[in-house]
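Notes for the one structure printed next.
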Amino acid sequence: MNKLNILVIGRHPQITKTLFTLVNKMENCVGFSALTDEDAIKIFNENNIDLVLLSSGIPEESEQLIRSIFTDKNPNIKIIQHYGGGSGLLSNEIMEAMYIK
Amino acid sequence: MENIILHKADTRGNADHGWLKSKHTFSFANYYNPDRMHFGVLRVLNDDSVEGGMGFGTHPHDNMEIISIPLEGDLQHKDSMNNVAVIKSGDIQVMSAGTGIYHSEYNKNHDKLVKFLQIWVFPNKKNVTPRYDQITLNLADRHNNLQQILSPNQDDAGVWIHQDAWFSLGKFDKDFSVQYQTKRKENGVYIFVLKGDLTINNITVNTRDGIGITNTENIDIKALTQDAEILVMDVPMTVA
């Protein structure tokens, strides 16, 4: 089974790092993280990202920019809002985004 | 025409970590059931029991309204906004996680369990400034009455959250009946039975069952047993 490449984007350094760590602890997932739009776009362009998790503190205009650039490059990219900040909903969100038609 | 979903207590997700035993009404952590993801903006309803002295170490939250209702024992809370508090049965605690907070929760006592409901509600606004509040409720106010414990309004009874949601608690004598009127036409109502047997719109429910009702403005509640207790959650059915 191919591993899922998951990019976590957030403005809160600790929460973003926590999510990154949690993603990497999950079987079949590889985590990437970014605190800025520039870093997120760079990571997205250099890796075959399957899923983008939008974490805390991302302004509306940044979210629109990210969605626009990422979707232009990969129309099938899944971009979802992550809620809750921790492990409680993370695996559920990944499951819903990637495997539920 | 009203729509009703019934979640019997024994169909909930089960987690046993030794120090923590939890029943999940909706999918949470390792429990995943695509038919049990949420009821409108009500995303998490966990029925937790924590061993003496144990608890949840420091962990983050963001963009979620988190409500804790202790049922037995004392829960010690510390967070990144410098709040240090103990909540006990009769209290209600609320956190608007917004842009992000860290907190820990421990059973303050070493010789008895703490039991509490942990409820997560999707906010109607992302990235709000984090906020913490707790209040002590007057238990007498819920005897044969639905005591409002949460609303969207700062100047209303109970705590408030960033969502058009209202919660109420009731403790009823046997055969007491009451009609609940939904607060907004767009809302649905999820009733969680804390204790006892009741009928909700003529459907019999028992301890720890949950029943969700939409497309109705009035809900008929009748206690079949003495001291039946319920939590009523009146929530928007659309996640913004």
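The values are calculated or read from the model by the stated rules, or taken from the named source; none is laboratory data. Every value quoted in this text rests on a predicted model; they were computed, and no experiment measured them. Because the Cβ atoms are built from the backbone with ideal geometry, glycine has one as well, and the counts that use them run over all protein chains shown. Quick note on the areas: whole protein, heavy atoms, side chains included, nothing else; ligands and nucleic acids left out. Shrake-Rupley method; radii C 1.70, N 1.55, O 1.52, S 1.80 Å.
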Hey, B:HIS110 within 11 Å of chain A (Cβ to nearest Cβ), in contact (Cβ under 8 Å) with a residue 24 or more places away in the chain and open to solvent by 10 Å² or more (accessible area, probe 1.4 Å) or not | no
Here the residues within segment B:70-91 that are among the hydrophobic types (A, V, I, L, M, F, W, C) and in a loop (DSSP other than H, G, I, E, B) are B:MET81
Return yes when B:SER49 is crowded, with 16+ Cβ neighbours inside 10 Å, among the polar types (S, T, N, Q), in contact (Cβ under 8 Å) with a residue 12 or more places away in the chain and within 14 Å of chain A (Cβ to nearest Cβ) and no when it is not.
-> no
Does segment A:23-50 hold any residues that are closer than 19 Å to B:THR99 by Cβ and within 14 Å of another protein chain (Cβ to nearest Cβ), and which are they?
-> A:SER33, A:LEU35
Among residues belonging to segment B:128-146 that are outside any strand (DSSP E or B) and open to solvent by less than 40 Å² (accessible area, probe 1.4 Å), point out the one that is nearest to B:VAL189 (Cα to Cα).
-> B:ARG142
Determine if segment B:7-20 includes at least one residue that is within 18 Å of the chain's Cα centre (by Cα) and part of a loop (DSSP other than H, G, I, E, B).
-> yes
Residue among B:ASP91, B:ASP62 that alone is out of contact with any Leu (no Cβ under 6 Å at 6 or more places or on another chain), buried (at least 16 other Cβ atoms within 10 Å of the Cβ), acidic (Asp, Glu) and under 20 Å from B:SER168 (Cβ atoms) | B:ASP91
Pair list, Cβ under 9 Å, 6 or more apart: segment B:115-128 residue within 10 Å of B:ILE66 (Cα to Cα), other residue open to solvent by less than 10 Å² (accessible area, probe 1.4 Å) and of a type in the set (Asp, Glu) = B:GLN118/B:ASP48; B:GLN118/B:GLU105; B:ILE119/B:GLU65; B:TRP120/B:GLU65; B:VAL121/B:GLU65; B:PHE122/B:GLU65; B:PRO123/B:GLU65
In segment B:21-46, residue nearest to the other protein chains (Cβ to nearest Cβ) [restricted to those that are over 25 Å from A:LEU54 (Cβ atoms) and open to solvent by 20 Å² or more (accessible area, probe 1.4 Å)] = B:ASP35
